[in-house]
Amino acid sequence: MTVQEIHQRLFSKSAALSSFQMDGVIRPIEVIRVLNRAKVRFVLAGAYGLAGWQKESRATEDVDVVVAPPHVKKAVSALLAAFSQLEAVDLPMGVRLRDRHTKDVLIDVMKPLQQPYREVFKHSRQVSPEGENYRIPTLEMAIVMKFSAMTSLYRASEDKHRDAHDFIRMVKNNPKLDETKLGHLALLLYPEAQRDVLNLVRKARDGETLIL
């Protein structure tokens, strides 16, 4: 199967699982359609955007999109107009669109203010499930994004372990990943990140425990 076919299958399965297991979730394709109609430049991230690389479907409450800085206000306005049940909570790193009654976050509009997210638009590829064109991170960028999350000083331990699970799946399920490109992208984070990410790739392939 091609990357496009794998992503489409697991994107659809993840959306179906989310709708079945949780009330009130917004289908990711609906978010994508709204953003495309508004001509917003974005990259789909999170469980939906990385499902094809992880080769795993998973239910999730929210849709994560990295939006180009000049388009953040336009994206939020379009989404609030399309989904009247939502209210916006503007935070430094993104705008969380949550259900005004339950307060559950249903869409996360991420501002690419820090690395590696500032470079995600340069390292993305187009896919077209259900007739909608949009972009997802490249494999190497997806791995660096997970590496950044699971080594962050500010992320909760339980979330880091979920990130490590995703990191391991992407490494094991994509043996042809470009380690040179991966290492260069990791340097966006800090000087020793190239060494550190490649060491974790080796451990993941060898079945060793990742020490976070």
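Throughout, read-outs are computed from the coordinates displayed, never taken from laboratory work. What you see is a predicted model, and the numbers here were worked out from it, not measured in a lab. Every residue, glycine among them, receives a Cβ derived from its backbone with ideal geometry; neighbour counts consider all protein chains shown.
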>> Quick one: 3J(HN,Hα) in Hz for region 21-30, Karplus 6.51/-1.76/1.60 with θ = phi - 60°, rounded, Gly and Pro as x.
In response: 8, 9, 7, x, 5, 9, 5, x, 5, 5
>> Taking just the alpha carbons, could you work out the radius of gyration and Dmax for region 14-65, both in angstroms?
In response: 11.2, 31
> Roughly what percent of Cα-Cα pairs across region 38-135 reach past 15 Å?
Replying inline: 63
> Which of the aspartates and glutamates could be linked to LYS55 by a straight reach, that is with a Cα gap under 17 Å, when you skip same-chain ones fewer than 8 residues away?
Replying inline: GLU5, GLU140, ASP163, ASP166
> Taking the Cα centre of each part, how many Å lie between region 1-58 and region 114-143?
Replying inline: 12
> What residues have an amide H closer than 5 Å to that of THR138, excluding those fewer than 5 places away on the same chain, when H is modeled at 1.01 Å from N in the peptide plane?
Replying inline: SER124, ARG125
> Can you pull the Rg over Rh of region 126-192, Cα-only, Kirkwood?
Replying inline: 1.03
> Once you treat every alpha carbon in region 67-123 as an equal point and sum by Debye, what is log10 I(q)/I(0) at q = 0.25 Å⁻¹?
Replying inline: -0.97
> If all Cα-Cα distances of the chain are sorted into 10 Å bins from 0 onward, what percent lands in each bin, rounded to whole numbers?
Replying inline: 8, 35, 38, 17, 2
> Sorting ASP166, ASP99 on the 10 Å Cβ count, fewest up front, what's the list?
Replying inline: ASP99, ASP166
>> At 25 °C and a viscosity of 0.890 mPa s, what translational diffusion coefficient does Stokes-Einstein give for region 173-212, taking Rh as the Kirkwood radius over Cα pairs? Give it in µm²/s as a whole number.
In response: 232
> Cα-Cα over 32 Å: which of LYS103/LYS203; LYS103/LYS181; LYS73/LYS122; LYS73/LYS146?
Replying inline: LYS103/LYS203; LYS103/LYS181
